[in-house]
Amino acid sequence: MSFSQKVAVVTGGTSGIGLAVAQELASQGAKVIITGRNAAKLNAAVETLGGDVEGVQAEASDLADLDRLYGHVKAKHGRLDLLVANAGAGEVVPLASITEMHFDRAFDGNVKGVTFSVQKALPLMGAGSAIVIIGSTSSIQPGPGLSVYGGTKAALRAMVRGWVMDIKGSGIRINILSPGPTDTASLRPFLGDKAEEAIAYLSDRSTIGRIGQPEEIARAVAFLGSDAASYINGAELFADGGASQV
């Protein structure tokens with residue numbers, strides 16, 4: 001695989017899976033633009049990545065921010081070859097504790113943000129370009145307290161199946177890469193007080209016997225976004241060590 005001279009946008013690229021994806025694409029020659037909400041974190045990520053990587057401060061669910069992002073891409077590069085819609089977040093909230101604020105925050109970030117990140121990218125994309133949306137195995141196996149988060153990711157699956165029909169004939173591919181639990185800096189805070197116990201349980205569920213590493217997820221994303229996956233469209237690939245098959 002090679003992304004030499006290709007232009008890629010990675011939303012939410014300042015940490016975790018997004019940062020690893022940006023690193024992988026840059027290592028393969030892509031001109032990478034990452035986004036993030038926090039200017040300090042964005043600048044630190046750009047410095048860490050080095051090379052041909054730049055940052056644009058943007059909130060994926062803010063349509064004005066997206067217009068500014070893609071305006072920058074158009075002005076500087078004239079096109080977009082790959083969009084990795086990674087920005088989003090989840091919270092562990094059991095049914096009895098779900099609030100309207102929690103619900104709206106999840107769907108704004110994970111569904112609205114992805115929808116308009118994709119929609120507004122399309123005018124810059126042509127035949128042979130690709131979109132990879134970061135989903136989650138929670139779309140089919142939400143654990144306790146993950147019903148809303150899992151619901152947002154399941155919504156993306158349904159939407160992608162419609163979107164590939166909406167853009168049929170354009171030559172643009174859209175796929176979902178759904179990671180299982182991944183050893184990012186945010187995983188333990190997300191899991192809370194019993195994080196190590198939870199990680200041991202999740203590792204045991206994996207047929208490989210461990211949780212994933214961000215670099216492994218990044219390589220799977222790069223595959224779906226590359227010419228090597230030129231006949232894969234409207235698919236959801238689970239990168240979870242086989243846990244969703246158990």
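The values are calculated or read from the model by the stated rules, or taken from the named source; none is laboratory data. Note that the coordinates shown come from a computational prediction; the quantities given were computed from them, not determined experimentally. Cβ: placed from backbone, ideal geometry, glycine included. Neighbour counts: every protein chain shown. What goes into the accessible areas is simple: the full protein's heavy atoms, side chains included, and nothing from ligands, DNA or RNA. Shrake-Rupley method; radii C 1.70, N 1.55, O 1.52, S 1.80 Å.
Screening 109, 162, 126 for residues that are within 24 Å of residue 9 (Cβ to Cβ), more than 15 Å from the chain's Cα centre (by Cα) and either touching a residue at least 40 places away in the same chain (Cβ under 8 Å) or surrounded by 17 or more Cβ atoms within 10 Å (Cβ to Cβ) (or both) leaves exactly one candidate, 126.
For segment 133-148, the criterion of being open to solvent by 30 Å² or more (accessible area, probe 1.4 Å) and closer than 21 Å to residue 11 by Cβ is met by no residue.
Residue-wise test of (1) in a loop (DSSP other than H, G, I, E, B); (2) at pLDDT 95 or above; (3) not aliphatic (A, V, I, L, M).
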residue	(1), (2), (3)
9	no, yes, no
13	yes, yes, yes
21	no, yes, no
26	no, yes, no
29	yes, yes, yes
35	no, yes, yes
41	no, yes, yes
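Within segment 55-83, residues that are touching a residue at least 12 places away in the same chain (Cβ under 8 Å) have Cβ atoms under 6 Å from residues that are of a type in the set (Phe, Trp, Tyr) in these pairs: 63/116; 66/116, counting only partners at least 6 apart in sequence or on another chain.
Among the residues of segment 2-10, is there at least one that is in contact with an Asp or Glu (Cβ under 9 Å, 6 or more places away or on another chain), of a type in the set (Ser, Thr, Tyr) and open to solvent by 60 Å² or more (accessible area, probe 1.4 Å)? Scanning segment 2-10, I find at least one residue that is in contact with an Asp or Glu (Cβ under 9 Å, 6 or more places away or on another chain), of a type in the set (Ser, Thr, Tyr) and open to solvent by 60 Å² or more (accessible area, probe 1.4 Å), so the answer is yes. Whether any residue in segment 237-246 is free of Cβ contacts under 8 Å to residues at least 24 places away in the same chain, open to solvent by 60 Å² or more (accessible area, probe 1.4 Å) and assigned to a helix (DSSP H, G or I) is what I want to check. No, every residue in segment 237-246 fails to be free of Cβ contacts under 8 Å to residues at least 24 places away in the same chain, open to solvent by 60 Å² or more (accessible area, probe 1.4 Å) and assigned to a helix (DSSP H, G or I). Looking only at residues of segment 26-46 that are charged (D, E, K, R) and more than 16 Å from the chain's Cα centre (by Cα), we find that the one that is surrounded by the fewest Cβ atoms within 10 Å (Cβ to Cβ) is 41. Being at pLDDT 95 or above and touching a helix residue (DSSP H, G or I) at 6+ places or on another chain (Cβ under 7 Å) is a property that holds for residue 174. Restricting segment 47-87 to residues that are in a strand (DSSP E or B) and touching a Lys or Arg at 6+ places or on another chain (Cβ under 9 Å), the residue that is most open to solvent (accessible area, probe 1.4 Å) is 57. Of the residues examined, residue 98 is one that is at pLDDT 95 or above, open to solvent by 10 Å² or more (accessible area, probe 1.4 Å) and either of a type outside the set (S, T, N, Q) or touching a helix residue (DSSP H, G or I) at 6+ places or on another chain (Cβ under 8 Å) (or both).
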